[in-house]
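A quick write-up on the structure given underneath.
Computed from the coordinates by the stated procedures, all read-outs in this text should not be read as laboratory data. What you see is a predicted model, and the numbers here were worked out from it, not measured in a lab. Positions of Cβ are generated from backbone atoms using ideal geometry, with glycine treated the same way; all protein chains shown enter the neighbour counts.
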Amino acid sequence: MSENDSQRPQDAGNAGETQRQPRVQVESTPADSNIPYVQAYDTQTGKPLGGAQVVNKHTVVKTKTKKLPIFITALAGCACGALLVIALIMSGTLDIGGGKNAVTAGASGSSTQKITIDSEDTTLAEAVSAKALPSVVSITATSSGSQNGSLSQSADESDSSGSVGSGVVLDTEGHILTNNHVVDGYDQYVVTMDDGTTYEAEFVGNDASSDLAVIKLKDADASKLTPIEIGDSSKLNVGEWVMAIGSPFGNEQSVSTGIVSALYRSTAMSSTNGNTIYANMIQTDAAINPGNSGGALVNDNGELVGINSLIESYSGSSSGVGFAIPVNYAKNIADQIIGGKTPVHPYMGATLSSVNALNARTNKLSTDSGAYVARVCGKCRRGWSRRQGWHSGG
């Protein structure tokens, strides 16, 4: 959609000036004439329209007729108009073009009617797609010795034979940021670029607890790489327009648009390396499906604001509730991985539990609501919680 007003897609506007249909005034037989006639005038210019129409003296003109309801008359008019347009298109008389091209329709008489379609050359979605698509790739991950058959795009976009996901180009050196669950457990990676060029890639590093990973293209031509422009996810607002780009169900370079539905959504999921913590996620109603994981969530400037990662669905397909890792966090993790470092995360060294009537009595707490320290990490003797004097049951 929260975008800058100046960058919102503009309405296509009016279809342009069309030939004005004259308002008609009908004048009946003058009092000094023995010959009945009808004369039509343009009420704005006062000029007569064509010659007088002579009416036979014996012609009976009904002053009242049984009129059809207005809506039926309008419907009939629309139908006739539609049939006329179809006939003109099929005959080649009416040529409908795009952009600001003039459309000329043939007409009888000495003049032709010109209709100008005055619309924007590109919409917001088109402009953002053109900017961001070259920076989003499709990733196929397989294991050594596996058969390259059809790949399943289940909830985690993978099966025993391989995985299909998406990624974003970070730099001209060929570093690709994606989700860890797209590449985890595989050792062969084929990356397909926006123009159809394919590269083999190698694993650089990952952070399973954040569900982020980095791979690098082999023998990539730096001049053909378009690093994605990085935005600021901390400036997102609920209701802001966003676009999701990726390879849903293996359909490369697909885009969908929506808004930021909510911010700061958090959840935890089990993974092969333990629990993955998804903190402060961006919720969006832009369609995210299996295969979109690792792809880009961009704003109305075409800037990366999130890495598409999760969907909440009973069917495994998009239900309008998708989640993306904020780019401020994802880029920080990626920079650590590329720099050869192990990503560092704050760790409190304690487990908190909600207080209820039972554990309040057990731990002799003065309240039956809130949270209490259920356990302090035994290995964190010098951890922050120990230094603060925390202990179990407190």
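Treating r as the C-beta distance of ASP368 and GLU312 and R0 as 35 Å, the FRET efficiency rounds to 0.65. Full extension of the chain between ASP335 and ALA222 gives 38.8 nm of extra length, using 0.36 nm per residue less the Cα-Cα distance. The phi torsions of the range 196-202, fed into the Karplus equation with coefficients 6.51, -1.76 and 1.60 and a -60° offset, translate into couplings of x, 5, 10, 9, 7, 9, 10 Hz, rounded to whole numbers, with Gly and Pro shown as x. The mean sequence separation of alpha-carbon pairs under 8 Å and at least six residues apart, normalised by the residue count of the range 233-338, gives a relative contact order of 25 percent. A simple spin-label model places pseudo-atoms 7 Å from Cα toward Cβ; at ARG361 and ASN301 they are separated by 5.9 nm. Net charge in the neighbourhood of GLY306 (other residues with Cβ under 15 Å of its Cβ; Lys, Arg +1, Asp, Glu -1) is -4. For ASN275 and THR342, FRET efficiency with R0 = 22 Å and r from the beta-carbon atoms, rounded to 0.05? With a Förster radius of 22 Å, E is 0.80. Under a Cβ-Cβ cut-off of 13 Å, what is the net charge of the residues other than GLU202 that fall near it, where Lys and Arg count +1 and Asp and Glu count -1? Net of charged neighbours comes to -2.
Modelled this way, with points 7 Å down the Cα-to-C-beta line, the labels at ALA130 and ASN237 are 2.7 nm from one another. Pairs from the list LYS131/LYS216; LYS216/LYS331; LYS216/LYS341; LYS235/LYS331 with a Cα-Cα gap above 20 Å: LYS131/LYS216.
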